[in-house]
Amino acid sequence: MKIFSGSTNKPLAEKVAKLLKKPLGRLEIHVFADEEKRVRVLDKVLGEDCVVVQSTSTNADINYMELFFIIDALKRNGAKSVTVVIPYLGYQRQDHVFRGGEAVSMGVVSKILEAVETNKLITFDLHSSRIPELFSIPVLHLSALPIFAKTIREKHWDDDQTVIVSPDMGGVRRVKILCGLLNNMPYMAIEKNRDLKSGKISMEEIKTVTKKRAIIVDDMISTGATIVKAAKLLRKKGAEEIFVFSTHPVFAGNAPLLLQESVVNKIFVTDTISISREKLFPKLQILSIGEMIAKNLRR
Ligand code: R5P
């Protein structure tokens, strides 16, 4: 097996390669003056099972194009199979038509991945569990929830002073799974509404939070608005300590600043997306999915 990395999440690719005791494969990625890219594979891959690690967060379009070129280069050079590890699958929130006239962007991405002859996709905590149905290649849908459960246990937050919170109704399935991993801890959900045109969110009032500690669990943090609003509501209703566990740190715009200045005590995310130095902040802690990827590639 040979492991390659696109430009977006080299630290994760290096971690996975190290755990599998393999060197990272060599690619030449050249960017022309007009920002077109040329990808060239420098290792022999004839008859090899290849793995490519690439996160597709901001800028999703550029990152996807680079990935398509890497897959094409590997296949043209005789790779037996190409498994793509896209820990954060960009465009997943556009997996169906919300308002008449829209494109199904996730469906388009799945078609291109198949057209360049991807053999298998490994990804994490998809926004909807139905997204794999858009693909006709095998999709291994992994989750960071066991990593979150382990951290919650280590911190001794799996006690009767804690409630797990979904910041929207769509996340209830996710928190139920997490609670199941933690001896069926109690959970609650906030009703969030998003204006489909402006993207602005509002949240329904909730009852008093009878627990001292609230742990908000979400699949991704993009602008940070959902977490900041949910935390404010929970604090107003009596939660003294608020922690957040979220798989994908998309961190669009000034999300890091909003999160640092929020009432949240600590925010745990994973390395599905590599966070640039200027987006790190004191309340942030990063957990790794590297071992989980390596374990599944070893099988
Ligand atoms: C929405 O349904 C998702 O689960 C997240 O809550 C949402 O994408 C987070 O976005 P933002 O950080 O911009 O509020």
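Worth pointing out:
- Sum of side-chain charges, residue 202 neighbourhood, beta-carbon under 10 Å (Lys, Arg +1; Asp, Glu -1): +1
- For the chain, the longest principal axis of the C-alpha atoms and the axis of helix 172-181 are separated by about 90°.
- Rounded, prolate or oblate (a/c below 1.5 giving rounded, otherwise prolate when a/b exceeds b/c) for the range 177-299 by Cα gyration tensor: oblate
- For the range 1-108, the Cβ-based charge dipole about the Cα centre amounts to some 560 debye (Lys, Arg positive; Asp, Glu negative; other atoms uncharged).
- Derived scalar couplings ³J(HN,Hα) [the range 284-299; Karplus, 6.51 cos²θ - 1.76 cosθ + 1.60; whole Hz; x for Gly, Pro]: 8, 10, 10, 9, 10, 9, x, 4, 5, 5, 4, 4, 6, 6, 5, 5
- Share of carbon and sulfur in the accessible heavy-atom surface of the range 201-299 [1.4 Å probe, %]: 51
- Rounded to the nearest 20, the size of the Cβ-charge dipole of the range 191-296 about its Cα centre is 340 debye, with Lys and Arg at +1 and Asp and Glu at -1.
- The helix-based estimate of mean residue ellipticity at 222 nm for the chain, built from -39,500 (n - 2.57) per DSSP H run of four or more residues and divided by its residue count, is -8500 deg cm²/dmol to the nearest 500.
- Each residue of the range 155-161 was assigned a 3J(HN,Hα) from its phi angle through the Karplus expression (A = 6.51, B = -1.76, C = 1.60, θ = phi - 60°), giving 7, 6, 8, 8, 10, 7, 9 Hz with x at Gly and Pro.
- For the chain, size of Cβ-based charge dipole, Lys and Arg +1, Asp and Glu -1, in debye: 620
- Cα gyration tensor shape of the range 136-194, rounded if a/c is under 1.5, else prolate or oblate by comparing a/b with b/c: oblate
- Rolling a 1.4 Å probe over the heavy atoms of the protein chains gives the chain an accessible area of 49 Å² per residue.
- Here the Gaussian network model covers the chain, with springs between Cα atoms less than 10 Å apart; of 112, 286, 273, 112 fluctuates the most.
- Between helix 145-154 and the chain: long-axis angle, C-alpha atoms, 0 to 90°, nearest 10: 50
- Cβ-Cβ FRET estimate between residue 286 and residue 111, R0 fixed at 35 Å, reported to 0.05: 0.60
- Of the cross-linked pairs 111/192; 120/279; 150/212, those separated by over 24 Å at the C-alpha level are 111/192; 120/279.
- Each Cα pair under 8 Å and six or more residues apart adds its sequence gap; the mean of these over the residue count of the range 181-241 is a relative contact order of 34 percent.
- Over the chain, relative contact order from alpha-carbon pairs under 8 Å, at least 6 apart, %: 14
- Alpha-carbon centroid distance for the pair the range 214-258 / the range 187-213, whole angstrom: 11
- The residue among 269, 86, 64 whose Cα reaches farthest toward the positive pole of the charge dipole of the chain, with charges on the beta-carbon of Lys, Arg, Asp and Glu, is 269.
- Modelled spin labels at residue 195 and residue 172, positioned 7 Å past Cα toward Cβ, are 2.6 nm from each other.
- A straight Cα-to-Cα reach below 20 Å connects residue 176 with the aspartates and glutamates 125, 154, 158, 159, 160, 168, 191, 218, 219, residues fewer than 8 places away in its own chain not being considered.
- The candidates 141, 156, arranged from most to least accessible area with a 1.4 Å probe in the full protein assembly, appear as 156, 141.
- Angle of helix 10-19 to the longest C-alpha principal axis of the chain, folded into 0 to 90 degrees and rounded to 10: 80°.
- Vicinal HN-Hα couplings computed from phi for the range 210-224 (Karplus, 6.51 cos²θ - 1.76 cosθ + 1.60; Hz; Gly/Pro x): 7, 9, 6, 10, 10, 10, 7, 10, 9, 6, 8, 10, 9, 6, x
- The overall shape of the range 88-177, judged from the alpha-carbon gyration tensor, is oblate: a/c is not under 1.5, and a/b is no greater than b/c.
The values are calculated or read from the model by the stated rules, or taken from the named source; none is laboratory data. Just so you know, these numbers come straight off a predicted model, no measurement behind them. Note that we place each Cβ from the backbone using ideal geometry, even for glycine, and neighbour counts take in every protein chain shown. Just the protein is used for accessible areas: all its heavy atoms, side chains included, with ligands, DNA and RNA removed. Shrake-Rupley method; radii C 1.70, N 1.55, O 1.52, S 1.80 Å.
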